[in-house]
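What follows is a short report on a single structure.
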There are 2 protein chains.
Amino acid sequence: MATTSKKKTAGLADIIAGESAICTVGKHGKGLNYRGYAIEDLATQASFEEVAYLLLYNKLPTRAELTRYNQRLQSLRAIPDPLKETLEKIPATAHPMDVLRTACSLLGCLEPETDFSQQHGIADRLLAVLPSLLLYWRRFHADHQRIDTRTEAASTGEYFLKLLTGKTPDKTHIDAMNVSLVLYAEHEFNASTFAARVAASTLADFYSAVVAAIGALRGPLHGGANEAAMELIQRFQSPEEVAPALKAALARKEKIMGFGHRVYKTSDPRSPIIKEWSRKLSTLCGDTVIFPVSEAIEQFMWHEKQLFPNLDFYSASAYFFMGIPVMLYTPIFVCSRITGWAAHIMEQRANNALIRPGSHYTGPEPRAFIPVDQRK
Amino acid sequence: MATTSKKKTAGLADIIAGESAICTVGKHGKGLNYRGYAIEDLATQASFEEVAYLLLYNKLPTRAELTRYNQRLQSLRAIPDPLKETLEKIPATAHPMDVLRTACSLLGCLEPETDFSQQHGIADRLLAVLPSLLLYWRRFHADHQRIDTRTEAASTGEYFLKLLTGKTPDKTHIDAMNVSLVLYAEHEFNASTFAARVAASTLADFYSAVVAAIGALRGPLHGGANEAAMELIQRFQSPEEVAPALKAALARKEKIMGFGHRVYKTSDPRSPIIKEWSRKLSTLCGDTVIFPVSEAIEQFMWHEKQLFPNLDFYSASAYFFMGIPVMLYTPIFVCSRITGWAAHIMEQRANNALIRPGSHYTGPEPRAFIPVDQRK
């Protein structure tokens, strides 16, 4: 195949890698719709479970369907014993994304997908059980407790916060978590979703595709950004410290996480939504530093670099105000994005083409083999 | 971003997704070089460990370097206790690729990559330990034995066969395994390698990228093809049965696995090499059915569809003649391709761009949100 017929595109920016009916990201540089519904409407009027249903079953549920779906998810929160035992053996110092990746993979050994007709059941199971897997491990090591994950918490947000603390969560926290889960649910061909589609395109099983996605989400250029943003914010004791320190950081060519986006060119439509929740939670907990510092960083980045905050930036402080440990920020992203990943895996399967690009070769020309004893 | 500036390319066929200096596949529709060395030379003159060294360290080792490298790999074959315990809990009925995916992920929890400077050490560790992980699980369930994986077997091929059977392997079998591992080691931007690069492009850890690759390799359109080929071959008792049955299968639009290739257009250069080994092993074990049936399938597919056998087709019968269970064929592919994956992960990191394509939206136009109690 002549390489001249190929287009050279590192990172595949601006390359269309397939069709998708799931969401629109940044048409005209802004805006986000899930299956036609604006993210602003979904974040203010829908529960995360409604959005999950929309993504997985391609319609907004009726009240009866939503009730049944919530009951179904509640019934799928238990962890099989061999998986609990493995979670107990994974060290307390492990990266929580490694824990989720491993737990999801092991679940695929214990409850394998033997036929693609099982895919909706597996998607629901993962949506229901991922917080259990994460927080069973967390509480076992942090609190020396073997928690019962079969809670009757009505929503995924409540369920997550209840497992995390063992206490009935504050209503505002539940609402904030719900919005956060809605905002993180789906985002077209981002790197983790694309990794899932590459795996799915070989007709691998559902878990293999999800595990590939978790692995891709782990990196600081993707899901890891919300944790990196929090680490940045916590460097400062007051808004006044921000500008000089960030000027120096930019001069050192340090990357400031939580700003800009591959697809959005003018703003991230999710950012103002989570920012208002962060402001509300800041007031609720009496914060006088983190939120003002965050705004100072936002202003500096816009003034100096014309970069806008993306979803990760104010998600970080919102989680912080809810008392969620920083190491769990990216795993929350997993608990939400499983819905988008699952929708994309099903969509890839429904109209599959093996995803197999080419590369531009920059290595040595053909050369003669030299037997081992003649090498220098 | 205007969609008109994007190119629509499902499967990314003919799209260049980045630069690579590791291998050339199918220039002019044929041929395969690893870092400039022809696959024919490597398969006849090099050990798999030499090829691994070439891929991972970018040069053929001297005798002293190769001796040290072999000793190093031998020293890295032990399995940590928590991982052994998990392997014992994974059911005997699990898919061996799910086992490898899980074991590799769990190793990433127990021996995490905390800095990219550790990447060569992790690549060597995985190369050394993957057969241990697979065969510890296998022998525990198949033979009720907790095998000691710290063998002194000199080569990866010998080590694999020794762990599998518990006996000293036949010299011809060791040589055949070595060739097979060389042939499977690397193949540019195939789907599993590309999945690894997508994960690596977010700056995720090494294990996340490898786990993504294992997941992608599992599918029957990729690594799973060698198992599917063996299932096909075993349908027939004689070469005469082949043509009428395959004619009927093609009429039913059944896909015949092990033939044709996305990149090679005229032949797979690896196929004649493994075919001769399959022929030799067939003679050695007194086979009078499998090899003649395989040749009849090859002739039929060329005559009817002008499709040539790819590496997977004669690898299947070669493994069969060595007494390797069919379920382990794709895992052997993992034990070899870990070298190529690792080389690509390192290459991606050295000149990184986040791999994030776009999609062509085919979903509903923007629509108004309907509150849950008003839906029908």
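The values are calculated or read from the model by the stated rules, or taken from the named source; none is laboratory data. Note that the structure is predicted; figures quoted are calculated from it, not measured. Note: ideal-geometry Cβ built from the backbone for every residue, glycine included; neighbour counts use all protein chains shown. Please note that ligands, DNA and RNA were not included when accessible areas were found on the heavy atoms of the full protein model with its side chains. Shrake-Rupley method; radii C 1.70, N 1.55, O 1.52, S 1.80 Å.
For this structure, a couple of remarks:
- A:Thr266 meets the stated requirement of being hydroxyl-bearing (Ser, Thr, Tyr) and open to solvent by 40 Å² or more (accessible area, probe 1.4 Å).
Listed here are the residues, each with its yes/no results for (1) in contact with a Leu (Cβ under 7 Å, 6 or more places away or on another chain); (2) acidic (Asp, Glu).
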{"position": "B:Phe206", "(1), (2)": "no, no"}
{"position": "B:Val210", "(1), (2)": "yes, no"}
{"position": "B:His222", "(1), (2)": "no, no"}
{"position": "B:Glu231", "(1), (2)": "no, yes"}
{"position": "B:Arg262", "(1), (2)": "yes, no"}
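- Subset of the stretch B:104-117 that is without any contact (Cβ under 8 Å) to a residue 24 or more places away in the chain and surrounded by fewer than 17 Cβ atoms within 10 Å (Cβ to Cβ) - its residue that is farthest from the other protein chains (Cβ to nearest Cβ): B:Ser117
- Matching residues, the stretch A:277-322, being of a type in the set (S, T, N, Q), under 30 Å from A:Ile15 (Cβ atoms) and open to solvent by 10 Å² or more (accessible area, probe 1.4 Å): A:Gln306, A:Asn310
- Of all residues in the stretch B:245-271, those being in a loop (DSSP other than H, G, I, E, B) and aromatic (Phe, Trp, Tyr) number 1.
- Filtering the stretch A:207-257 to residues that are within 27 Å of B:Ala195 (Cα to Cα) and among the polar types (S, T, N, Q) leaves A:Ser208, A:Asn226.
- When the stretch A:196-220 is filtered for residues that are of a type in the set (A, V, I, L, M), within 14 Å of B:Arg218 (Cβ to Cβ) and within 7 Å of chain B (Cβ to nearest Cβ), the ones remaining, listed by number, are A:Val198, A:Ala199, A:Leu203, A:Ala204, A:Ala209, A:Val211, A:Ala212.
- Members of the stretch B:208-224 that are in contact (Cβ under 8 Å) with a residue 60 or more places away in the chain and either within 16 Å of the chain's Cα centre (by Cα) or surrounded by fewer than 24 Cβ atoms within 10 Å (Cβ to Cβ) (or both): B:Ala209, B:Val210, B:Val211, B:Ala213, B:Ile214, B:Gly215, B:Leu217, B:Arg218, B:Gly223, B:Gly224
- Qualifying residue in the stretch A:157-175 (condition: within 14 Å of chain B (Cβ to nearest Cβ) and surrounded by fewer than 24 Cβ atoms within 10 Å (Cβ to Cβ)): no
- In the condition set (1) at positive phi; (2) open to solvent by less than 50 Å² (accessible area, probe 1.4 Å); (3) of a type outside the set (D, E, K, R), B:Ala200 is compliant with all but (1).
- So B:Arg101, is it modelled with pLDDT of 95 or more, in a helix (DSSP H, G or I), closer than 16 Å to B:Leu126 by Cα and open to solvent by 10 Å² or more (accessible area, probe 1.4 Å): no
- Number of positions in the stretch A:348-376 that are more than 7 Å from every other protein chain (Cβ to nearest Cβ) and within 27 Å of B:Ala10 (Cβ to Cβ): 5
- Any hit, the stretch A:235-255, residues being under 16 Å from A:Phe313 (Cα atoms) and either assigned by TED's automatic domain parsing to the domain that holds A:Glu113 or open to solvent by less than 10 Å² (accessible area, probe 1.4 Å) (or both): yes
- When the stretch B:55-98 is filtered for residues that are aliphatic (A, V, I, L, M) and over 21 Å from B:Ala123 (Cβ atoms), the ones remaining, listed by number, are B:Leu87, B:Ile90, B:Ala92, B:Ala94.
- Residue under evaluation A:Ser5, criteria (1) buried (at least 20 other Cβ atoms within 10 Å of the Cβ); (2) over 21 Å from the mean Cα position of the chain (by Cα); (3) at pLDDT below 95, criterion not met: (1)
- Top-ranked residue of the stretch A:25-41 - restricted to ones that are crowded, with 22+ Cβ neighbours inside 10 Å and within 7 Å of chain B (Cβ to nearest Cβ), ranked as farthest from the chain's Cα centre (by Cα): A:Tyr37
- Check on B:Ile274, under 28 Å from B:Ala123 (Cα atoms) and either open to solvent by 10 Å² or more (accessible area, probe 1.4 Å) or assigned to a loop (DSSP other than H, G, I, E, B) (or both): no
- Flag if A:Leu60 is touching a strand residue (DSSP E or B) at 6+ places or on another chain (Cβ under 8 Å) and not in a helix (DSSP H, G or I): yes
- Where A:Tyr57 falls short, out of the listed (1) over 17 Å from A:Cys23 (Cβ atoms); (2) open to solvent by 40 Å² or more (accessible area, probe 1.4 Å): (1)
- Matching residues, the stretch A:76-90, being facing another protein chain (nearest Cβ under 8 Å) and free of Cβ contacts under 8 Å to residues at least 24 places away in the same chain: A:Glu85, A:Thr86, A:Lys89
- Qualifying residue in the stretch A:334-350 (condition: polar (S, T, N, Q) and open to solvent by 10 Å² or more (accessible area, probe 1.4 Å)): yes
- Residue check, A:Thr93 more than 7 Å from chain B (Cβ to nearest Cβ) and of a type in the set (S, T, N, Q): yes
- Test: residue in the stretch A:316-338 that is polar (S, T, N, Q) and over 25 Å from A:Ala200 (Cβ atoms): yes
- Just one of the listed residues (B:Glu186, B:Glu227) is open to solvent by 10 Å² or more (accessible area, probe 1.4 Å), more than 7 Å from chain A (Cβ to nearest Cβ) and within 12 Å of the chain's Cα centre (by Cα), and it is B:Glu227.
- One residue alone among A:Leu130, A:Leu161, A:Leu135, A:Leu126 is touching a His at 6+ places or on another chain (Cβ under 8 Å) and under 23 Å from A:Pro96 (Cα atoms), and that residue is A:Leu161.
- Tallying residues that are open to solvent by 10 Å² or more (accessible area, probe 1.4 Å) and part of a helix (DSSP H, G or I) within the stretch B:74-94 yields 7.
- A:Pro131 open to solvent by less than 10 Å² (accessible area, probe 1.4 Å), within 30 Å of A:Asn33 (Cβ to Cβ) and not β-branched (Val, Ile, Thr): yes
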